[in-house]
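A short reminder: the numbers here are calculations on the coordinates, not readings from a lab. This one's a predicted model, so the numbers in the text were calculated from it and none came from an experiment. Cβ coordinates were reconstructed from backbone atoms using ideal geometry, including for glycine residues, and neighbour counts include every protein chain displayed.
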Amino acid sequence: MTHVCPWWAGFFLANPIRKIKQDPDKILAPYIREGMVVADVGSGMGFFSIPMARMTGPLGRVVCIDIQEKMLGFLKRRARKAGVSAVMEYRLSKEDSLGIDDCAGTLDFLLLFAVLHEIPGREALFAQVNRALKPGGRVLFAEPAGHVRRNDFDASVALALRSGFTVAGNLQAIWRSHSILLEKKN
């Protein structure tokens, strides 16, 4: 198995101080609207998932995907406390599957934030994501610049392009991250 961030590190990743440099509302607001069906791959304890749920509102849905049951358990508690659990759906992924086959053609947006470098079989992952998205659906893909080299990020982007995505235009800079906005070809 590829190295996976330990579950206890989720407390540091979900820390409110992180919002000073990586504010989920500012990062995601251009892409998520009320009523959308969105997904957060590597949701952890919900640093992005909970704001996503507020953005989609009660008519939307957030599919939270993580490989660690403990992360999802903490996310469930945090979502209840935040009052957004009604729109949250939790998926325990496997090393070779995100567990989203039943989402085929339903997702408007998917977030891959600081997680792809932990996943083996990246080409298969992009194929799963492509199937789950609606035509024109978007993926915000970001990796930590201090942990993932630019050429490795670019290689992952090349995999995404071969899997049926296009670059969707300009993306605001995200602190200490390589990032790109991808779109599913129609």
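The table below lists the values:
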read-out	value
Any hit, region 109-127, residues being of a type in the set (Lys, Arg), closer than 20 Å to residue 66 by Cα and in contact (Cβ under 8 Å) with a residue 60 or more places away in the chain	no
Scan of region 83-115 for residues that are touching a Gly at 6+ places or on another chain (Cβ under 8 Å) and of a type outside the set (Asp, Glu), ordered by number	87, 91, 92, 93, 107, 109, 110, 112, 113, 114, 115
Any pair with Cβ under 6 angstrom, 6 or more apart, that starts in region 145-170 at a residue that is more than 16 Å from residue 129 (Cα to Cα) and ends at one that is of a type outside the set (Val, Ile, Thr) and part of a helix (DSSP H, G or I)	148/117
Test for residue 93: is it under 30 Å from residue 151 (Cα atoms), of a type in the set (S, T, N, Q) and either out of contact with any helix residue (DSSP H, G or I) (no Cβ under 9 Å at 6 or more places or on another chain) or in contact (Cβ under 8 Å) with a residue 40 or more places away in the chain (or both)	yes
Some residue of region 141-158 being assigned to a loop (DSSP other than H, G, I, E, B), in contact with a Lys or Arg (Cβ under 9 Å, 6 or more places away or on another chain) and farther than 23 Å from residue 44 by Cα	no
Members of region 98-108 that are surrounded by fewer than 23 Cβ atoms within 10 Å (Cβ to Cβ) and assigned to a strand (DSSP E or B)	108
